[in-house]
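Asker: Would you mind keeping the following structure in view while I ask a few things?
Every number in this text was worked out from the coordinates using simple rules, so none of it is lab data. All of these numbers come straight from a predicted model, not from anything done at the bench. Note that each Cβ is placed from the backbone with ideal geometry, even for glycine, and that neighbours are counted across all protein chains shown.
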Amino acid sequence: MTAKIINGIEVSAAIRADLRERVTAMADRGVVPGLAVIKVGVDPASAVYVRNKVRACGEVGIQSSQYDFEANVSQQTVLDLIGDLNERPNIHGILVQLPLPPHFAIADILQTISVDKDVDGFHLYNVGGLVAGGTVFPPCTPYGVVKILEHEGIEIEGKNVVVVGASNIVGKPMALMLMQRDATVCICHAKTRDLAQFTILADILVVAVGKPNLILPEMVKTGAVVIDVGINRLPDGKLVGDTDFEGLRHKVSHITPVPGGVGPMTVTMLLANTVASAERRLQTQSERLLTSVAS
């Protein structure tokens, strides 16, 4: 068996093409989606991520605004900016690039962002919505994984899914999103004993740990679907995921590569959430206008 290598770049391009059409339709009605990106400090990785997000916005017609602060900026200054952006009608999404300097209380920053503009999906309301229903914006990386599975026609309902990694950003929301689609989900983490006894049962295996070669071929059943969310830089500079890609590709049915798999989808789903936010605001404005005319 040779796995189908899922090309996240191609999946992402198809979604972005649809987003461009939706943005054009809104522009005809006088609305341009707007994303505000806040970066604090000079972390090199953050600079690359922000640059990629801003460029991606331009590709689909989203108006991006970038706000850069020195690492020693006060938390209150950033909170004040977020409060201002919350009130701006031309801003439909607010993103605070993580990590933040140590003197920041990240929870306070994230909870200050309006639920209606939390396009990263990190606000407690959106996280809680994954459990109780009513999420406005799903977290971007798990959202991207679900879209990959849907694009490839991979059935989720009734499948055994194992998620390796229990972070608040990927692992936990990933498990909840798959449960919403009626998968039977097991979530593993750093203290899970005998990891292989769980992974071998997976019809769909999602790995998001940050440890190269964590998942070996003998840990995965033949024909499984493997989604590798991990990203690790080896001493020689090569980027790899959390799985033995070469070993697995001759055993599983589908697998995502690193790079070029889930990574492009994360940015694309940020764009999708921003466009959805603008559409929601436009719909609300239209409903208010109709109500006003009717009264």
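Asker: Kindly identify segment 140-262 as rounded, prolate or oblate by the Cα gyration tensor criterion: order the square roots of the eigenvalues as a ≥ b ≥ c, call it rounded if a/c is under 1.5, otherwise compare a/b with b/c, prolate if a/b is larger, else oblate. Show your work: numbers first, answer last.
Answerer: Details: a/c = 1.32, a/b = 1.29, b/c = 1.02.
Note, shape of segment 140-262 comes out rounded.
Asker: What relative contact order, as a whole-number percentage, does segment 190-295 give when Cα pairs under 8 Å and 6 or more residues apart are counted? Show your work: numbers first, answer last.
Answerer: On the way: 148 pairs, mean separation 22.9, N = 106.
The normalised contact order for segment 190-295 reaches 22 percent.
Asker: Additional query: What FRET efficiency do you get for A71 and M1 if R0 is 45 Å and r is their Cβ-Cβ distance, rounded to the nearest 0.05? Don't jump to the answer; show the numbers that get you there.
Answerer: Working: r = 50 Å, r/R0 = 1.11.
After rounding, the FRET efficiency stands at 0.35.
Asker: Let me ask something else about it. Under 8 Å for C-alpha pairs, at least 6 residues apart: give me the relative contact order for the chain, rounded to a whole percent.
Answerer: That works out to 22 percent.
Asker: OK, next. To the nearest 20 debye, what charge dipole does the chain have about its Cα centre, counting +1 at the Cβ of each Lys and Arg and -1 at the Cβ of each Asp and Glu? Display every interim value, and only then the final one.
Answerer: On the way: 26 positive and 30 negative charges, 36 e Å.
Once rounded to the nearest 20, the dipole reads 180 debye.
Asker: Placing +1 on the Cβ of each Lys and Arg and -1 on the Cβ of each Asp and Glu in the chain, which of V163, N7, M177 has its Cα farthest towards the positive end of the resulting dipole?
Answerer: N7
Asker: Identify, among V32, S114, A208, the residue whose Cα sits farthest towards the positive end of the charge dipole of the chain, taking +1 on the Cβ of Lys and Arg and -1 on the Cβ of Asp and Glu, with the dipole about the Cα centre.
Answerer: The residue sitting farthest along the positive end of the dipole is A208.
Asker: Determine the relative contact order of segment 140-219: mean sequence separation of Cα pairs under 8 Å and six or more apart, normalised by residue count, in whole percent.
Answerer: Numbers: 107 pairs, mean separation 27.3, N = 80.
Relative contact order, segment 140-219: 34 percent.
Asker: What is the sum of charges around N126, taking Lys and Arg as +1, Asp and Glu as -1, for the other residues whose C-beta is under 15 Å from the C-beta of N126? Let's see the in-between values first.
Answerer: Working: positive: K117, K172, R280; negative: D116, D118, D120.
That sum, taken over residues with Cβ under 15 Å, equals 0.
Asker: When the Karplus curve 6.51 cos²θ - 1.76 cosθ + 1.60 is applied with θ = phi - 60°, which whole-Hz ³J(HN,Hα) does each residue of segment 53-70 get, with x for Gly and Pro?
Answerer: After applying 6.51 cos²θ - 1.76 cosθ + 1.60, I find 5, 5, 5, 5, 4, x, 5, 9, x, 7, 7, 9, 10, 10, 10, 10, 10, 5 Hz.
Asker: Considering the zone a paramagnetic label at K221 would reach in this model (a point 7 Å from Cα along the Cα-to-Cβ line), which residues of segment 162-194 have amide N under 12 Å from it?
Answerer: Residues passing the 12 Å test: 162.
Asker: Give K4/K117; K39/K159; K117/K238; K53/K191; K191/K221 a once-over and call out the pairs whose C-alpha atoms are over 28 Å from each other.
Answerer: Numbers: K4/K117 36 Å; K39/K159 40 Å; K117/K238 36 Å; K53/K191 34 Å; K191/K221 22 Å.
Too far apart for the 28 Å limit: K4/K117; K39/K159; K117/K238; K53/K191.
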